[in-house]
Amino acid sequence: MTNTQRNSTAIAIVLVLILGVGYYFRHKLSKEEALIKGKNQELKAEIDKFDKMLANREKIERDYAELQLMIAQQSKVMAQSDTPAITYNYLLQLLKWMQRNINFDFALSAKKAPEANWHEYIVQGRANYISAVNFVKQLEYQRPVLTIDEVTMAEETSAVSDTVNFSIVFKTHFSPDGIAMNTLQEKKFPAYASNFISFRPKIYETPPDMDIDPNLVRIDKAIIVGITESRAFLRDERGIIHILSVGDPVAYGYLYSIDLKQEKIVFRINQYGSTEDKTLFMQKTTK
């Protein structure tokens, strides 16, 4: 074999080795590239998942807070323990939530049963009727489990209108697995409201003191001087002529109707605590 042939053979062998090694490493790198791409896709999927969770975090936190608030507002809870001091402080907290100042006497009743996990209390005080009713409503509707056994109210002889003396008998219930009373949050609910004054007289022997507009005609001191289908003309004790239509106000009431045919007008008046109709007729002139 000549030198040329030997050199050619050696070069061929080296070339084959290089190609083989290159193919091996290329194949190996291809596998590693595929693995890396797979890992990248998995990581990208995880990142997308976390991005979505982060995007929804604010909503999730808001929903959780609303759920907690709903639970706090709607659920009843048992107190962890009870003493007269705990219940007295709770009553003061109720008045703070009501933004009212009610004077009351507070006592633990002789009828108590610690072994049954309840205590009975008596609250007696003085307040206006609406405040007393709302105080009872707070005891009943707030979150602690309380049972009201008796409520009495009586009119207070006082210059203050609609003031009552009240008495409330209720039981507190407690359990070792309950919650501490001083951690309770206020439960919101509509307060009782009424324009009806329960303990004020409704029918009077004499007209009550009322601020009456001096410009309004007093029908007991007026006469009809003219009537049309839609107007009534009255002259008061001062000689002033008042022109009224149906619905116009007068002292203690308003003009209800005009009857041209019968020459009369009807007023709805509430002067003594109840509404009544009062009629004025056109005075007949004599010739």
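Each value in this text was obtained by applying a stated rule to the coordinates, not by laboratory testing. None of the values given here were measured: they were computed from a predicted structure. Ideal geometry is used to build each Cβ from the backbone, glycine not excepted, and the neighbour counts take in all protein chains shown.
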Run the Debye formula on the Cα coordinates of region 219-281, all scatterers equal and no solvent, and tell me log10 I(q)/I(0) at q = 0.17, 0.24, 0.25 1/Å. -0.51, -1.00, -1.08
Taking region 84-183 as the region of interest, what is the percent of Cα-Cα pairs per 5 angstrom bin, listed from the shortest bin to the one with the maximum distance? 2, 11, 24, 25, 18, 10, 5, 2, 1, 0
How about residue 52: which aspartates and glutamates have a C-alpha closer than 17 Å to its C-alpha, ignoring those fewer than 8 places off in the same chain? 42, 61, 63
Label model pair residue 140, residue 184: point-to-point distance (7 angstrom along the Cα→beta-carbon line) in nm is 1.6 nm
Given R₀ = 45 Å, what would the calculated FRET efficiency be for residue 235 paired with residue 116, taking r from the Cβ atoms and rounding to 0.05? 0.05
Of the listed pairs 137/171; 96/171; 221/264, which have alpha-carbon separations greater than 19 Å here? 96/171
What is the extension gain from residue 167 to residue 191, computed as 0.36 nm multiplied by their sequence separation minus the C-alpha to C-alpha distance, in nm to one decimal? 6.7 nm
The extension gain from residue 32 to residue 283, computed as 0.36 nm times the residue separation minus the Cα-Cα distance, is 78.5 nm
Taking the Cβ-Cβ separation of residue 148 and residue 64 as r and a Förster radius of 25 Å, what is the calculated FRET efficiency to the nearest 0.05? 0.15
The answer for residue 143, listing residues at least 5 apart or on another chain whose modeled amide H is closer than 5 Å to its amide H, is 187
